[in-house]
Each structure stands twice: as structure tokens, then as C-alpha cells.
Amino acid sequence: MQIVTSYEDIPVAGRTMRTFVAAPNDDRQYPGVVFYSDIFQLTESTLRWVSRLASYGFVVAAPEIYFRVEEPGEVFAFDDEGKDRGQADVEKLTAEQFDQDIEALLSWLETNDRVEPGKLAATGHCTGGHIGFRAAFNDKVVTTALWYPTGLHNGKLGADADTGSLQQAAQIAGPMLLIFGTNDPHTPKPDREIVHAGLEEADVNFEWIEVEAEHAFGRDVGPRWDPSATDEAFAATVEFLKRTLG
């Protein structure tokens, strides 16, 4: 399926949340998906992932997660400098601010003419996976698919040492898919077990996939990229979203 892409400016807290939007190139309505990136923002790798997902029949909106502290269009390189800058930016932001941004993006999608009413999903990678997890608290979200979300086991997100995200999991009404690499140093096995147990305790309807890969295996640049693991996880994500969105 061919797609069209654009950048949309969504007002939040007196600033502009620049958002990349990819959708099928026709005039039909499709489910809407919010996507939250890793700490490097809207890199070419992320835009490829978002565009690929849209081609399966979704309107996907990916915001610049640091729009409150960076100027529009800032993208960080996959090197130590870029990592340090991204990490410094996220430390300036709170879960409360991310929640406000989530509400604004979901509301924008909800009123978009291309989006099928009542069919919104949340996705995210790495830090964006934690943000996507919090998006699942929102009653607009029907279903959620997250790749290697960080900080769920201890609640760490941005400036908040413990957001209590996992402890709030009972708020998640819809199904959730979580995908991790077995060799992920940011969420090793003991931490994954905490997340798994927390979801079970909260009675979340979730599916769990582990692939033999490292953290950020789905980023198609650099030594961590694992094409076969990416294909497996991507196919599972598309199937899950299609099934749970109805």
C-alpha cells in the first residue's frame, strides 16, 4: 500500500509539537496510531518504521518528544554526543508533561478525517515505549504495542525517579503487546520479570514476545540492528494491532 507523509503542528502548552504523519495514499479511513520514538527523536530510521507501519493500513502520528525543550526539526545522531543530548533532554521532562502531550496527540488524531472513529492505538520504542505505556492509561486508546520499553520495572521516566507506571497498570483497559530482546542490557531478565509480574498482578490483558536480540534491535542502522528479529516483531505488531482494533 502506497503512503503519503506530512508534518503537522499540534499546539501543546504554548508550544508546537511537530508531528510526522504517515497514512495510506487514498481517501479511506483507517485506525489511528500514536508512535513515540527513542531518545534520538524523529531520525530517518524512525521515519522508515512509521512509514512502513502506515502502509499496512494505519494513520500513524509520531511527535517530536522533546518539543518542550528543543526547536522543531532537531534530530540527534546515533553517537555518544547524540545519546547524551537525548538523555539530557528527557531528564528535563516529567511524566505529567508527557501525559499532557499524549492527550493532545490522541485528541488530534481523534478528530482527524482520515482516522476511523473509536479506533486509536499507542506504540513506542525504548523511552517512547514507556511513554506509550502511559498512553494506554488514556480511555481513548483501544490497544497498545510496545518495543523494548525502558523504565517500567522501576518507574524511571525523565525527571521522575519513579512515576509508578507499572503500579498504575490496572488503568489499562485494552490489550497490550510487549516485545523485548533477550540480550537487552537496559531491561535484563530480572527487570523483565518484574514487568511481567506487575502486568499479571494488575490483570492486564497482555501478550509477551521475546526475541534473541539486543536493545534497539529494530533500529535499522548500527550494530544492534537485527533484521530477522525486526521482521518477526514487526509482523507480530501488525497482526496484533489488526486483531485488537477490529
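Filter the range 169-222 for residues that are among the β-branched types (Val, Ile, Thr) and within 23 Å of Thr143 (Cα to Cα) and give the result.
Listed by number, the residues that qualify are Ile172, Ile179, Thr187, Ile194, Val195, Val204, Ile209, Val211.
What number of residues within the range 157-198 are charged (D, E, K, R) and surrounded by fewer than 15 Cβ atoms within 10 Å (Cβ to Cβ)?
3
How many residues are small (Gly, Ala, Ser), over 17 Å from Ser107 (Cβ atoms) and part of a strand (DSSP E or B) if we restrict to the range 1-56?
Matching residues across the range 1-56 total 3.
I'm trying to understand the selection: among the residues of the range 175-231, which are over 22 Å from Val50 (Cβ atoms), in contact with a Ser or Thr (Cβ under 7 Å, 6 or more places away or on another chain) and charged (D, E, K, R)?
Glu210, Glu212
Being touching a strand residue (DSSP E or B) at 6+ places or on another chain (Cβ under 7 Å) and surrounded by fewer than 15 Cβ atoms within 10 Å (Cβ to Cβ) is the filter here; which residues of the range 17-35 pass it?
Result: Asn25, single match.
Quick test for you: out of Val75, Val59, pick the one residue that is closer than 28 Å to Thr230 by Cα, buried (at least 17 other Cβ atoms within 10 Å of the Cβ), touching a helix residue (DSSP H, G or I) at 6+ places or on another chain (Cβ under 9 Å) and aliphatic (A, V, I, L, M).
Only one candidate qualifies: Val59.
Wholly within the range 80-171, which helices (runs of 4 or more DSSP H) include no fewer than the required count, namely at least 3 residues that are of a type in the set (Gly, Ala, Ser) and either within 15 Å of Ala62 (Cα to Cα) or in contact with a strand residue (DSSP E or B) (Cβ under 7 Å, 6 or more places away or on another chain) (or both)?
95-110, 127-135
Could you please find all residues in the range 89-130 being surrounded by fewer than 24 Cβ atoms within 10 Å (Cβ to Cβ) and hydroxyl-bearing (Ser, Thr, Tyr)?
Thr94, Ser107, Thr111 - these are the residues of the range 89-130 that are surrounded by fewer than 24 Cβ atoms within 10 Å (Cβ to Cβ) and hydroxyl-bearing (Ser, Thr, Tyr).
Find the residue count for the range 131-150, including only residues that are within 22 Å of Phe217 (Cβ to Cβ) and either at pLDDT below 95 or surrounded by fewer than 24 Cβ atoms within 10 Å (Cβ to Cβ) (or both).
1
Considering every residue within the range 199-213, establish whether at least one is surrounded by fewer than 14 Cβ atoms within 10 Å (Cβ to Cβ), at pLDDT 95 or above, touching a Pro at 6+ places or on another chain (Cβ under 6 Å) and not aromatic (Phe, Trp, Tyr).
yes
Name the single residue that is surrounded by the fewest Cβ atoms within 10 Å (Cβ to Cβ) among those in the range 214-246 being free of Cβ contacts under 8 Å to residues at least 24 places away in the same chain and among the hydrophobic types (A, V, I, L, M, F, W, C).
Among residues in the range 214-246 that are free of Cβ contacts under 8 Å to residues at least 24 places away in the same chain and among the hydrophobic types (A, V, I, L, M, F, W, C), the one surrounded by the fewest Cβ atoms within 10 Å (Cβ to Cβ) is Ala235.
What number of residues within the range 157-195 satisfy the criterion of being without any contact (Cβ under 8 Å) to a residue 60 or more places away in the chain and either more than 18 Å from Ile102 (Cα to Cα) or among the small types (Gly, Ala, Ser) (or both)?
24
How many residues are assigned to a loop (DSSP other than H, G, I, E, B) and more than 15 Å from the chain's Cα centre (by Cα) if we restrict to the range 218-246?
8
The values are calculated or read from the model by the stated rules, or taken from the named source; none is laboratory data. Keep in mind that what you see is a predicted model, and the values were worked out from it rather than measured. Ideal geometry is used to build each Cβ from the backbone, glycine not excepted, and the neighbour counts take in all protein chains shown.
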